[in-house]
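*Asks:* Attaching a single structure in structure tokens format; questions to follow.
The values are calculated or read from the model by the stated rules, or taken from the named source; none is laboratory data. Everything numeric here is computed off the predicted structure, so don't read it as measured data. Because the Cβ atoms are built from the backbone with ideal geometry, glycine has one as well, and the counts that use them run over all protein chains shown.
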Amino acid sequence: MRRLIETNGWTIGLGLLLALLLLATRLIQPDFGTSGLDSLARAALPFALATVGMAVVVIAGGIDLSVAAMMAVASVTGAVLMDGASDGQAVLAVIAVLALGLAMGALNGALIVLTRVTDIVVTLAMLFVWQGVALLVLNAPGGGAAPWLRALVAGGITLPGVPAGLTGWLPRGVVFLTAVTALIWLPVARSKLGLMIYAIGSDASAAFRSGVPVGRTRIAAYAIGGLFAALGGLSVTMGTGIGEPIPGPYLLASVAAVVLGGVVLGGGRGGLLGPILAVFVLRTVRMDLTLLSVDPNVAAIVEGTIMVAVVMFGAVLATRGRGA
Amino acid sequence: MPDAAPPTAILDAKGVAKRFGAVQALRDASLKVDRGQVVALMGANGAGKSTFVKILTGVLRPDSGHVRIRGRDSSVASPAGARRSGLVPVYQEPSLIPDLSVADNLRLGDTPADPFRHWAGELGLPDLRPDAMIRSLSLASLRIVDLARALAIEPDVLLLDELTAALPTDLVDRVLRVVRAQADAGRAVIYISHRFTEIAAICDRATVLRDGLTVGDLAIEAGIEERIVELMLGGTVAAATTGTRGARSRATDVPRLRVRGLATGTRLSDVSFDLGKGEVLGVVALEGQGQDELFDVLAGNRRANAGTVEVDGRPAVFTDPADAIAAGLTLVPGDRAQALLMSRPVRENIALPLLARPRRWGAIRMRDEAARVTRAIERLQIDTRAQGEVRRLSGGNQQKVTIARWIARGVQTLLLFDPTRGIDIRTKNQIYALVRDLADQGAAVLFYTSELAEVRLACDRAVVIFNGRAVDVIDAKDADEPTLMRAAYGLSEATGVST
């Protein structure tokens, strides 16, 4: 138990911080409740999926600057394919978009491995490529989304036979996020691929000497990152009902949440739950500042300050812990 | 004597060659290891040993020649491939993932857990927790974990590279017993070590490399050390008797640098010496005997665990490089890239230490600085046709820049770490002359070199470090290569370490 707390201290701390922030929200806005949680979850969903994708790549010792652009490609491709399609066709469209995400990520990874150009340079270049592709597919917001897909992330959870009061407060967006992340990441994390992703991020040359296929593992990590980016793009379409060719501010937000979530830039350390909690922490802070009607420009300064303060606080705790 | 016994040869490498750009690292290396044998692979610095190891373990692909394991051509191009064909290496740098637990590291290499636990216990780590993070283990434990992991796979050929370098003596004994038992059980071991006592204790044969060639394959017997040293040195023995420099009359007053019982980390355990003004003191050591740590402590990059340093008779403790520089000690590191701003011009690089004094943080007095920099450039005959960036200069010229920057400042104590590695002979001679000039002007120079012949060419005396201890001080006139080599291998310590 003590060990569990020691190794997951950062994540637990973030969970507590989030709980405190939600309590504070309730104090600021006494009628904050189910609908407030729901809109918070829906706003956070694309950010969270982008962050998860980024976290996988960062754990593997890389970075993918094209994450937001890949989301845009996925969003418009999904919206175009689903526009006027039947439910059955929409399922196929979703599968196609997810496959596209895997392919985009794998291409990013393959370019890095084969050309040996730095990940930052390659993915920065690919950022422009994917942005161009997204605008080619759809040069203005448009398209459509299947109603069942939109229903996946809107509103609270209702279970047959269970009173709505028990589960109704839990936003579908949060359940969707948890489900897809667990469905994709848990099998990976428990397999050798998961170990190898941490291994190449921790020490690529030691991993190579241990017989890990470093190049292929790196490509796999970028592909998983691409898959989550595609899910993030779909979630944009699911939330708004249309495809968005111009990506939102997901790139920098995802890097920020990854760092705040306890994943070490440089690789090898951290998990996915921390970054997800960090996204909600950052979104809740923003929401609270809006509720307090703080000038948006001042709010941005406050958000940045909080991030630096939290990360530095963590570093101080870590060095104390080692000294004791 | 190499005897032809094809059925028992479990690893057979023949005619292996490898070239890196203009450097022919290996010309014709061969190695044969039979079942039931421990074979030592030996070679002086630059003999091509590490390249050969990389080829045997599949990290590099040879340009020509072949490596056969159990009679099958192992045209392995990856560590995983070498492992599949039955060769498992334990490298000098543990190949464990720092951010994974012991158990996860085992899973990563498909190592069975029970045999691993058995071997870890056998090697002196019975209480190792499988969920312990690699990051939290000591270097000695890491090496044991790495070895136990290799043993658990039950490899046909075990390659051990400087395995005992970071181990305390009680562990060394256990490790040697286990390694010998492996061979006695019918497996084969390739054993790389600088320590003749260990080789005498467990090895059956020794294969010696020199200049990328296998020059000998000897059975280990009493007194074989001399023969191995001779083979490692080859023809260079005669060549190095030129340019004898008598020991200069050392200044009898307070030495510039007095080091007593210096120790840090696992490698540097007890080094003492005096370095006088006007003296060039060589440091001779095989790789990884603690010389890196010694220079790091003297340059303020690292703190000592024990021992004292006195500068001009005053005790000195350096908490960072600026302290050492303030006390007049300046390091020219082995890695030029560490010292230079590669993408800035030569002049800026030379001027930087001049400017990096707080008193000078104001405006730069251009004319004054420019003159000093120009003098330094002329003095060193640096080819500045490449006016632009330092990285465009040749290696030799870059090295001259690293020295020039400190000369421009007026150096008191210069710490040179292998300054002539990979540099052409003309530039080498310029550097020797420069070092001598500096000494004649009163500077004290500590000169670590991986080329034994340089001791006579550039130094007055040399302190020999073996296994973290200063084992000998030799005057330049007596410092022929065999003497230095014997001392560096810890053989001269009691003239009879040979068992």
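*Asks:* Hey, among the residues in the range B:85-114 that are within 16 Å of A:ARG269 (Cβ to Cβ), touching a residue at least 12 places away in the same chain (Cβ under 8 Å) and over 23 Å from the mean Cα position of the chain (by Cα), which one's surrounded by the most Cβ atoms within 10 Å (Cβ to Cβ)?
*Replies:* B:ILE97
*Asks:* Another one. Of the residues in the range B:117-147, how many are assigned to a loop (DSSP other than H, G, I, E, B) and within 14 Å of another protein chain (Cβ to nearest Cβ)?
*Replies:* Residues meeting the conditions: 5.
*Asks:* Right, next: Is it the case that the range B:255-276 has a residue that's in contact with a Ser or Thr (Cβ under 7 Å, 6 or more places away or on another chain) and modelled with pLDDT under 80?
*Replies:* The answer is no; no qualifying residue exists.
*Asks:* Which one of these is among the hydrophobic types (A, V, I, L, M, F, W, C) and in contact with a Gly (Cβ under 7 Å, 6 or more places away or on another chain): B:ALA165, B:ALA181, B:ALA185?
*Replies:* Testing whether each residue is among the hydrophobic types (A, V, I, L, M, F, W, C) and in contact with a Gly (Cβ under 7 Å, 6 or more places away or on another chain) leaves just B:ALA165.
*Asks:* Does any residue of the range A:38-61 turn out to be part of a helix (DSSP H, G or I) and surrounded by fewer than 19 Cβ atoms within 10 Å (Cβ to Cβ)?
*Replies:* Looking for residues that are part of a helix (DSSP H, G or I) and surrounded by fewer than 19 Cβ atoms within 10 Å (Cβ to Cβ), one finds at least one in the range A:38-61, hence yes.
*Asks:* Taking interchain pairs and intrachain pairs at least six residues apart, which have beta carbon atoms under 9 angstrom, with the first residue in the range A:148-161 and surrounded by 15 or more Cβ atoms within 10 Å (Cβ to Cβ) and the second among the aromatic types (Phe, Trp, Tyr) and assigned to a loop (DSSP other than H, G, I, E, B)?
*Replies:* A:GLY156/A:TRP169; A:ILE157/A:TRP169
*Asks:* Can I ask one more? Among the residues of the range B:75-111, how many are within 7 Å of chain A (Cβ to nearest Cβ) and touching a Leu at 6+ places or on another chain (Cβ under 8 Å)?
*Replies:* Total meeting the criteria: 6.
*Asks:* Give me the strands (runs of 3 or more DSSP E) completely within the range B:253-354, filtered to those with at least 1 residues that are farther than 23 Å from B:LEU434 by Cα and touching an Asp or Glu at 6+ places or on another chain (Cβ under 6 Å), ordered by residue number.
*Replies:* In the range B:253-354, B:257-264, B:268-275 are the strands (runs of 3 or more DSSP E) which contain 1 or more residues that are farther than 23 Å from B:LEU434 by Cα and touching an Asp or Glu at 6+ places or on another chain (Cβ under 6 Å).
*Asks:* Please count how many residues of the range B:435-490 are crowded, with 22+ Cβ neighbours inside 10 Å, touching an Asp or Glu at 6+ places or on another chain (Cβ under 7 Å) and under 19 Å from B:MET232 (Cα atoms).
*Replies:* Of the residues in that region, 4 qualify.
*Asks:* Which pairs turn up if I take residues in the range A:178-196 that are part of a helix (DSSP H, G or I) and look for partners that are of a type in the set (S, T, N, Q) with beta carbon separation below 9 Å, at least 6 apart in sequence or on another chain?
*Replies:* A:LEU193/A:THR217; A:LEU195/B:ASN105; A:MET196/A:THR217
*Asks:* I would also like to ask the following. Going through A:ASP288, A:ASP203 one at a time, which residue ends up being charged (D, E, K, R), over 11 Å from A:THR51 (Cβ atoms) and within 14 Å of chain B (Cβ to nearest Cβ)?
*Replies:* Result: A:ASP203 is the single residue among A:ASP288, A:ASP203 that is charged (D, E, K, R), over 11 Å from A:THR51 (Cβ atoms) and within 14 Å of chain B (Cβ to nearest Cβ).
*Asks:* Being at positive phi and either among the acidic types (Asp, Glu) or within 10 Å of another protein chain (Cβ to nearest Cβ) (or both) is the requirement here; does B:ASP114 meet it?
*Replies:* The answer is no for B:ASP114.
*Asks:* Go through A:ARG172, A:ARG190, A:ARG150 for me and flag whichever is within 14 Å of chain B (Cβ to nearest Cβ) and either within 17 Å of A:ALA74 (Cβ to Cβ) or at pLDDT below 95 (or both).
*Replies:* Going through A:ARG172, A:ARG190, A:ARG150 in turn, the sole match is A:ARG190.
*Asks:* Could you identify the single residue in B:ILE199, B:ILE192 that is within 27 Å of B:SER64 (Cα to Cα) and either at pLDDT 85 or above or surrounded by fewer than 21 Cβ atoms within 10 Å (Cβ to Cβ) (or both)?
*Replies:* Checking each option against the conditions leaves just B:ILE192.
*Asks:* Return the only residue of A:GLY274, A:GLY268 being small (Gly, Ala, Ser), within 14 Å of chain B (Cβ to nearest Cβ) and out of contact with any strand residue (DSSP E or B) (no Cβ under 7 Å at 6 or more places or on another chain).
*Replies:* That would be A:GLY268, the only listed residue that is small (Gly, Ala, Ser), within 14 Å of chain B (Cβ to nearest Cβ) and out of contact with any strand residue (DSSP E or B) (no Cβ under 7 Å at 6 or more places or on another chain).
*Asks:* Being among the β-branched types (Val, Ile, Thr) and touching a helix residue (DSSP H, G or I) at 6+ places or on another chain (Cβ under 7 Å) is the filter here, so list the residues in the range B:150-174 that pass it.
*Replies:* B:THR164
*Asks:* Please give the number of the condition B:ARG61 fails out of (1) in a strand (DSSP E or B); (2) of a type outside the set (Gly, Ala, Ser); (3) more than 10 Å from every other protein chain (Cβ to nearest Cβ).
*Replies:* Just one mismatch for B:ARG61, condition (1).
*Asks:* For the range B:161-177, check the following and say yes or no: at least one residue is within 14 Å of chain A (Cβ to nearest Cβ) and over 24 Å from A:ARG216 (Cα atoms).
*Replies:* Within the range B:161-177, one or more residues are within 14 Å of chain A (Cβ to nearest Cβ) and over 24 Å from A:ARG216 (Cα atoms).
*Asks:* Please enumerate the residues belonging to the range B:264-317 that are of a type in the set (Gly, Ala, Ser) and in contact with a helix residue (DSSP H, G or I) (Cβ under 9 Å, 6 or more places away or on another chain).
*Replies:* Across the range B:264-317, the qualifying residues are B:GLY265, B:GLY278, B:GLY282, B:ALA285, B:ALA299, B:GLY300, B:ALA304, B:GLY307, B:ALA316.
*Asks:* Separate question: Look at B:VAL53 and say whether it is within 14 Å of chain A (Cβ to nearest Cβ), modelled with pLDDT of 85 or more and surrounded by fewer than 21 Cβ atoms within 10 Å (Cβ to Cβ).
*Replies:* yes
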